[in-house]
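Readers should treat all values here as calculations from the given coordinates under stated rules, not as data from a laboratory. Treat the numbers as computed from the prediction; the structure is a model and nothing was measured. So basically every Cβ, Gly included, is an ideal-geometry build from the backbone, and we count neighbours across all protein chains shown.
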Amino acid sequence: MTLALVTMSHSPLLEFNDPAPEVKAKVEGAFAAARSFVAEYAPTLVVSFAPDHYNGFFYDLMPPFCIGYQAEGVGDYNTAEGPLSVPTERAEELAEWVADRDLDIAISRKMEIDHGAIQPLEILFGGIDTVPTIPIFVNGVAKPFVKMSRVRRLGEAVGSFLATLEDERVLVIGSGGLSHDPPVPQWATADDNARTLLLNGRHPTEEARNARQQRVIETGKAFAAGTAAIQDLNPEWDQALMATLAAGDLSPIDAMTPEQMAKDAGNSAHEVRTWVAAFSALGAVGPYDVDYSFYRPIKEYIAGFGVMTARTRA
């Protein structure tokens with residue numbers, strides 16, 4: 001059984017803040033390479049590890065991990081709204097398998113997902129319901145964070161399940177990161193209005209969503225101009241992590257702590273947990289090789305922007 005993988009940074013600013021033409025062309029080239037890889041592999045099932053940005057998961061109940069039995073996009077930043085094609089019975093089997101491996105896993109029969117999960121599906125497949133997809137939420141914004149070893153174990157458990165699916169060609173997606181520090185409010189420093197959003201900001205009015213999104217768009221423009229009061233990108237940290245993931249031995253990642261990750265790479269660097277889970281799933285099936293790797297720090301997107309494709313050896 002073979003397994004394929006695409007990990008990619010996402011950014012809500014892809015359609016709003018353009019970097020220099022040559023940089024944008026390189027990003028489009030990376031997306032094209034990933035699309036070609038996926039088209040050649042022709043997956044019959046997608047398992048998507050992705051975070052959320054207080055659009056579907058909130059502090060009224062914040063699990064570290066959650067498997068979606070049904071899911072729909074919320075439509076933030078002009079991404080697609082509506083239902084994904086989730087194979088519910090397969091998702092239920094996956095959740096049972098993970099629970100049997102001594103990992104606490106939440107489930108949702110009505111998961112709401114934002115650009116973090118939707119953007120890769122749109123980029124790779126042109127839509128959100130073209131291939132059966134099991135979404136797995138991995139908390140990457142809300143303290144407290146579980147240990148990285150726990151994230152690795154989640155990926156290994158998912159991968160061991162996927163290894164049993166001889167009738168499927170499975171693509172694993174990890175969406176998030178890399179180094180970035182966008183203006184996402186932190187509970188400890190948030191005012192009352194921001195805490196209301198973090199606690200339960202579901203289904204905002206169009207006006208409220210647009211105002212929130214415009215703040216991020218303007219921050220991206222200011223960051224590119226050198227005037228934003230957010231943490232800088234860290235290309236060295238990003239590329240070191242990508243090298244570890246490519247090497248196949250992910251055990252060094254266990255030493256990463258939330259506090260040091262935020263200090264080195266920004267408060268939203270925790271989204272790389274999705275990459276770790278995805279590569280751990282791949283490694284659980286067998287040795288793998290990275291086919292393609294792209295990296296560029298892009299301030300207009302407020303992201304160290306990376307794309308990787310890989311597959312297990314035949």
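Can you tell me how the stretch 34-181 classifies by the Cα gyration tensor, rounded, prolate or oblate, using a/c under 1.5 as the rounded cut?
Because its axes are fairly even, with a/c under 1.5, the stretch 34-181 counts as rounded.
By per-residue mean of other Cβ atoms within 10 Å, what is the highest-first order of 174-181, 18-25, 106-113?
For the peptides 174-181, 18-25, 106-113, the packing ranking is 174-181, 106-113, 18-25.
Where the convex hull is taken over the Cα atoms of the stretch 130-273, what is its projected area averaged over directions, in nm²?
Average projection, Cα convex hull of the stretch 130-273: 11.3 nm².
Springs between alpha-carbon pairs under 10 angstrom, Gaussian network model over the chain: which of A229, A80, A157 fluctuates most?
Greatest mean-square fluctuation among the candidates belongs to A229.
Taking the Cα centre of the stretch 3-312 as origin, work out the dipole magnitude from +1 charges on Lys and Arg Cβ and -1 charges on Asp and Glu Cβ, in debye rounded to 20.
Dipole size: approximately 420 debye.
Less than 30 Å apart at the alpha-carbon level, and either on another chain or at least 8 residues along: which lysines does that give for K26?
Within the straight-line cut-off, K26 pairs with K221, K263, K299.
Could the peptides 71-78, 289-296 be put in order, highest first, of the mean number of other beta-carbon atoms found within 10 Å of their residues?
71-78, 289-296
Using the Karplus equation 6.51 cos²θ - 1.76 cosθ + 1.60 (θ = phi - 60°), what ³J(HN,Hα) coupling, rounded to whole Hz, does each residue of the stretch 136-147 give in order, writing x for Gly and Pro?
In residue order, the calculated couplings are 10, 6, 10, 4, x, 10, 10, 5, x, 9, 6, 5 Hz.
If the cut-off is 24 Å between C-alpha atoms, which lysines fall inside it for K110, apart from same-chain ones fewer than 8 positions away?
K143
Using Stokes-Einstein with the Kirkwood hydrodynamic radius over Cα pairs, what translational diffusion coefficient do you get for the stretch 1-74 at 25 °C and a viscosity of 0.890 mPa s, in µm²/s rounded to a whole number?
Stokes-Einstein gives a translational diffusion coefficient of 158 µm²/s.
Using the count of nearby Cβ atoms within 10 Å as a rough guide to exposure, how do T7, T196 rank from fewest to most?
Sorted ascending by nearby Cβ count, the order is T196, T7.
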